[in-house]
Amino acid sequence: MSEDSSALLSRLQQLQCHFTWDLKKDDVDLENLSTRLQAHIQLQLGQHGAVTRSYSYLAYVRYLQDQQEEALSLLNQSEETILEWYGDESERRLIVTYGDMAWLKYHTRDYTQSQSYCQRVEDLLLKYTTGSSTSLLPEVYGEKAWTYLKFSWSSLSKAIDCFRKALEVQTHDSEWNAGYAIALFRTEQRGLESVKEGKESLAMKQLRFALEISPDDAVLQSMLAVKLGGYKKYEEAEDLLNKALKTDPDNPHVSRYIGKYFRNQYRLDESIDMLERALKRADQSPFIHHQLALCYKRKKIAEQSRKPFSNQREVRYWRRLCIRYLEEAVKIRPSFVLALSDLALLYAEERDLRRAEEIFQQCLKLAESEKSLFQTVHQRYADFHYYNKKNEAEAIVHYTKGLLLHPKKYEWRQCAKRLKQIAERRLSKNQEDGEAHALLGQVAKAEGDKKKAAEFYEKALDCDVDNAEYLSVLCELRMELQ
């Protein structure tokens with residue numbers, strides 16, 4: 001590398017753009033992300049900024065896919081739409097696009113143009129200084145936040161942090177407030193943040209605030225309705241649903257969230273109608289296919305629960321529909337862990353244990369990098385071993401792994417419940433079962449009751465006096481209790 005190109009690279013590394021934001025290719029399904037971004041552009045979803053961001057973000061995806069010419073074309077379109085929609089206020093919003101252009105020109109060895117775009121960014125940063133070498137302009141924080149939000153579940157916390165920083169400067173900006181609300185909504189959806197019972201969550205409060213600024217945003221209205229349904233505030237929720245349907249009835253995101261609301265209320269036919277409507281405009285959405293599958297899963301479970309006898313033909317019919325939509329979801333997005341694990345359990349129900357095992361192995365591999373799904377995968381894989389393969393020992397291994405993260409989350413509670421059931425059943429047959437006592441100790445420890453955990457491990461050691469593992473855990477618990 002020549003001295004000039006080395007100096008240029010140093011300048012490029014100081015820019016804030018997709019090329020410098022540590023967006024790891026291995027963290028995301030590029031084909032799925034590409035499909036989603038193309039749909040956003042085609043359907044013109046969201047506010048003006050959303051479409052311009054989709055152009056520049058898709059350009060970076062095309063770069064990762066070695067499609068440099070299309071990447072260049074998309075960045076030009078990003079610049080054109082920013083200039084068209086923001087006019088005199090466009091310069092600050094061009095900083096990220098010009099940064100991307102500088103990097104793309106560098107990678108195509110057009111060093112003169114790369115230097116030119118780099119200079120443009122530096123000139124804009126001088127013109128619109130923040131007064132601090134560590135602070136960014138709110139437009140840059142916002143762009144960065146939206147990118148993290150779309151990139152992967154693992155970058156949600158980064159998105160939230162960037163939205164907060166943008167809002168510190170532009171408190172009432174409609175785009176940053178909407179993005180912050182969506183990020184918090186997704187965080188709570190995954191159970192990654194605890195929500196106090198009876199009190200409105202942070203996501204709900206932010207959705208309300210964002211709607212004060214953008215009262216006709218149908219996506220925010222439908223998302224808030226989903227949250228209100230969880231708090232049994234049905235009258236307010238359905239008022240919002242009606243507004244959303246009047247404002248933007250053909251927006252697939254609106255239909256998707258309204259479909260979710262109806263599914264949560266067990267109004268499955270209404271949910272299916274809404275999701276089918278959404279699918280007509282966004283047939284490559286893995287999420288909508290997954291939501292439809294969950295509706296048919298509810299119908300299957302309802303039929304299985306029918307007293308005194310369920311209709312097995314009906315059960316099979318709903319199961320096959322569920323499998324069909326899940327297969328489509330994972331075909332569009334092969335890394336869709338929740339859909340994959342749902343699909344594995346349905347194959348297990350059909351006694352295709354080999355296929356179910358293959359899919360679970362995919363899930364376990366994906367969960368290694370997607371830590372937020374680690375617990376879900378191990379809980380479902382444990383259920384597979386316990387109920388379908390009748391392998392209690394393997395089930396215990398994976399239920400135990402499910403206790404490691406996110407205490408009190410649904411999957412955590414299921415793992416704790418199953419381990420207790422297994423231990424208590426075994427102790428009802430044999431009070432000298434040391435492993436059963438240790439399992440109860442493990443659950444008590446995970447629940448935070450160290451005194452009770454120590455008592456269980458003492459009983460486990462009484463039954464198995466030479467067990468070094470039980471002794472080690474007991475010593476650790478006693479030291480913590482002192």
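The values are calculated or read from the model by the stated rules, or taken from the named source; none is laboratory data. Source: prediction; values computed, not measured. Here Cβ is always computed from backbone atoms with ideal geometry, including for glycine, and neighbour counts include all displayed protein chains.
Taking residues in the stretch 147-173 that are of a type in the set (S, T, N, Q), and partners anywhere that are surrounded by 21 or more Cβ atoms within 10 Å (Cβ to Cβ) and assigned to a helix (DSSP H, G or I), the pairs with Cβ atoms closer than 7 Å and at least 6 places apart or on different chains are Thr147/His18; Thr147/Tyr57; Ser155/Tyr148; Gln170/Pro138; Gln170/Trp176. Contact map, the stretch 12-23: first residue more than 16 Å from Arg120 (Cβ to Cβ), second residue outside any loop (DSSP other than H, G, I, E, B) and aromatic (Phe, Trp, Tyr), Cβ cut-off under 6 Å, separation 6 or more or different chains; pairs are His18/Tyr60; Leu23/Phe151. Pick from the stretch 362-388 the residues that are loosely packed, with under 15 Cβ neighbours inside 10 Å and basic (Lys, Arg): which of them is farthest from Lys331 (Cα to Cα)? So, considering only residues that are loosely packed, with under 15 Cβ neighbours inside 10 Å and basic (Lys, Arg), the one farthest from Lys331 (Cα to Cα) is Lys371. Looking at the stretch 297-311, is at least one residue without any contact (Cβ under 8 Å) to a residue 24 or more places away in the chain, hydrophobic (A, V, I, L, M, F, W, C) and buried (at least 23 other Cβ atoms within 10 Å of the Cβ)? No; the residues of the stretch 297-311 include none that is without any contact (Cβ under 8 Å) to a residue 24 or more places away in the chain, hydrophobic (A, V, I, L, M, F, W, C) and buried (at least 23 other Cβ atoms within 10 Å of the Cβ).
Modelled with pLDDT of 95 or more and of a type in the set (Val, Ile, Thr): which single residue out of Val140, Val51, Val61 fits that description? Full working, then the answer.
Numbers: Val51 fails: modelled with pLDDT of 95 or more; Val61 fails: modelled with pLDDT of 95 or more.
Going through Val140, Val51, Val61 in turn, just one is modelled with pLDDT of 95 or more and of a type in the set (Val, Ile, Thr): Val140.
Here Asp100 meets the list (1) under 20 Å from Gln38 (Cβ atoms); (2) charged (D, E, K, R); (3) free of Cβ contacts under 8 Å to residues at least 40 places away in the same chain; (4) assigned to a helix (DSSP H, G or I) almost entirely, failing just condition (3).
Of all residues in the stretch 1-37 being outside any helix (DSSP H, G or I) and exposed (fewer than 15 other Cβ atoms within 10 Å of the Cβ), which is nearest to the chain's Cα centre (by Cα)? Only one residue tops the list, namely Lys24.
Here the stretch 320-355 is the region considered, the condition is being assigned to a helix (DSSP H, G or I) and more than 23 Å from the chain's Cα centre (by Cα), and the residue that is nearest to Ala293 (Cα to Cα) is Leu321. For the stretch 258-287, taking the residues that are among the charged types (D, E, K, R) and not in a helix (DSSP H, G or I), the one that is surrounded by the fewest Cβ atoms within 10 Å (Cβ to Cβ) is identified as Asp283.
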